[in-house]
Amino acid sequence: MRILYVVPFIPWEVKVRSFNLIPRLSKNNEIFLVCVSADEPNAKQKDWVKRHCADVAFVRHSKWKGVTQCAAALPTPTPLRMAYCGSELAQQTVHRIVQHVRPDLAYVERWRALQFLPDELRLPLLCDPTDSMTLYNKRLRTTGSWWERLIGWEEHGKFRRCEGKLALRADVTVFCSSTDLASVMSQAPEARFELVPNGVDCKKYFFKEASEERADTIVFTGSFKYRPNVHAAKLFLDQVFPYVRKQRPRAKFVAVGNGARGSLSGYSSDNGFGAIDFVPDLRPYLANAAVAVAPLTIGAGVSNKIAEGFAVGTTVVATPLACGDLPVRNGEHLLLGRDTEEFAQAIVKLLGDAEMRRRIAVRARRFVEAYDWDIVASKMEDIMYGLVKPREKKTTRVLATA
């Protein structure tokens, strides 16, 4: 099967969905990749995509042009996320590849990349927005900073009116959580939807030895170019970590991920806090920690850092929002913190009880093995193969999670 794979970014480690799906899908299929981004790919990124793709087209999109397009879209029904990415060059590139390659299927990740495909496209189309932007912005307008709330109000109204229409354009729309899926299904009940959760590479994130763990160490991993992670880290440092330090004076908190130092530069390293920018392998940092945290209060979908902590064997404390619709149980697979006080108390409890940490970690590892990326990619591939057959009338069908 020839797959036209379109993304509004350059695939790499922080873009977990495409970074894990592309190598697995390329084993049995040819992938023709179109990346639209304001950034120029580095040598490592170019080498990675060339290893896994039959061909790749990098389309540059100016940030200033994107900002100008957002300003022009303010009085219109077009969401700012969609307006920012508008690119005639990307449309022309996709059209050229379709004419030359004649792919069997188009796979588009994120709503904003859907506009790169010409309206007259005669291909089975799978759109993978991953999260519902209506739901994301609904949460943002009540819990973000003042400027994030303004954007949340703007975007929530616009996506509420158009997200269902976007889903109807695709032959099938895929979400990583049933909560996000239900949000869009309510707008377009006649569209076809599938549920394909995010996964974890259980081979890469293998279960740790007890000797790898460092006492009283807490870790938060993720991209700090993603605003919900920045918001979560600041909330943790302001309201949770001071309480933990009172109970465990030697406690250390490390934020690890792309942009961590710059985003959290206002916090001193004198009180047990440290920030480490992008690293090629998160596993050692997860393995060194006694507790991994996911204190998100903004966002949609399921936090990948939970699955990675589960796989490595580092006990997780998370907010219910970070768990999405993962069928996890409090006290069995992780500890939940429904507010900052409960979150802090859960961390203190775990830091002082190695046996409890180990017991929960073992159960969490067994749980997450059903979400290995090999299983997730196989589900996605099955949906694709179903689309390249003679298309039947669209129906609503939800694929069960692992």
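What nm value, rounded to one decimal, do you get for the distance between Tyr243 and Arg358 when each label is placed 7 Å out toward the C-beta?
Roughly 2.9 nm, to one decimal.
So how strong a dipole does the chain carry about its Cα centre when Lys and Arg Cβ are +1 and Asp and Glu Cβ are -1, to the nearest 20 debye?
200
If amide H atoms are built 1.01 Å from N in the plane of the peptide, which residues on other chains or at least 5 residues away come under 5 Å of the amide H of Gly299?
It is Leu140, by chain and number.
Check Thr217: other-chain or 5+ apart residues with amide H under 5 Å from its amide H, H built from backbone geometry?
Excluding prolines and chain starts, which carry no amide H, the hits are Lys252, Ala290, Val291.
Fully extended, how many nm does the chain gain between Glu212 and Lys349 (0.36 nm per residue separation, minus their Cα-Cα distance)?
47.3 nm
Show the residues, 5+ positions off or on another chain, whose built amide H is closer than 5 Å to the amide H of Tyr5.
Phe32, Leu33, Val34, Tyr107
Would you mind computing, in nm to one decimal, how far apart the modelled labels at Asp119 and Phe19 are, each placed 7 Å from Cα along Cα→Cβ?
3.7
Which of Leu296, Leu105 comes first, and how do the rest follow, when ranked by fewest Cβ neighbours within 10 Å?
Leu105, Leu296
What is the gain in length, in nm to one decimal, between His100 and Asn271 on full extension, counting 0.36 nm per residue of separation less the C-alpha to C-alpha distance?
55.7 nm
Is the stretch 125-212 rounded, prolate or oblate when judged by the Cα gyration tensor, a ≥ b ≥ c being the square roots of its eigenvalues, rounded requiring a/c under 1.5 and prolate requiring a/b larger than b/c?
Oblate.
Given axes a ≥ b ≥ c from the Cα gyration tensor, I'd like to know whether the stretch 210-371 is rounded (a/c under 1.5), prolate (a/b larger than b/c) or oblate.
Note, shape of the stretch 210-371 comes out rounded.
Relative to the Cα centre, what is the charge dipole magnitude of the stretch 96-236, using +1 at the beta carbon of each Lys and Arg, -1 at the beta carbon of each Asp and Glu, and rounding to the nearest 20 debye?
480
Under a cut-off of 18 Å between alpha-carbon atoms, report the aspartates and glutamates in cross-link reach of Lys204, not counting same-chain residues fewer than 8 places apart.
Glu13, Glu212, Glu213, Asp281, Glu308, Glu369, Asp372, Asp374
Checking the table Lys50/Lys208; Lys46/Lys138; Lys44/Lys203; Lys50/Lys379; Lys138/Lys165; Lys225/Lys349 against a 27 Å threshold on Cα-Cα, which pairs fail?
Check vs 27 Å cut-off fails for Lys50/Lys208; Lys46/Lys138; Lys225/Lys349.
Laboratory data are not the source of any read-out in this text; all were calculated from the coordinates shown. Worth saying up front: this structure is predicted, and the values here are computed from it rather than measured. Cβ coordinates were reconstructed from backbone atoms using ideal geometry, including for glycine residues, and neighbour counts include every protein chain displayed.
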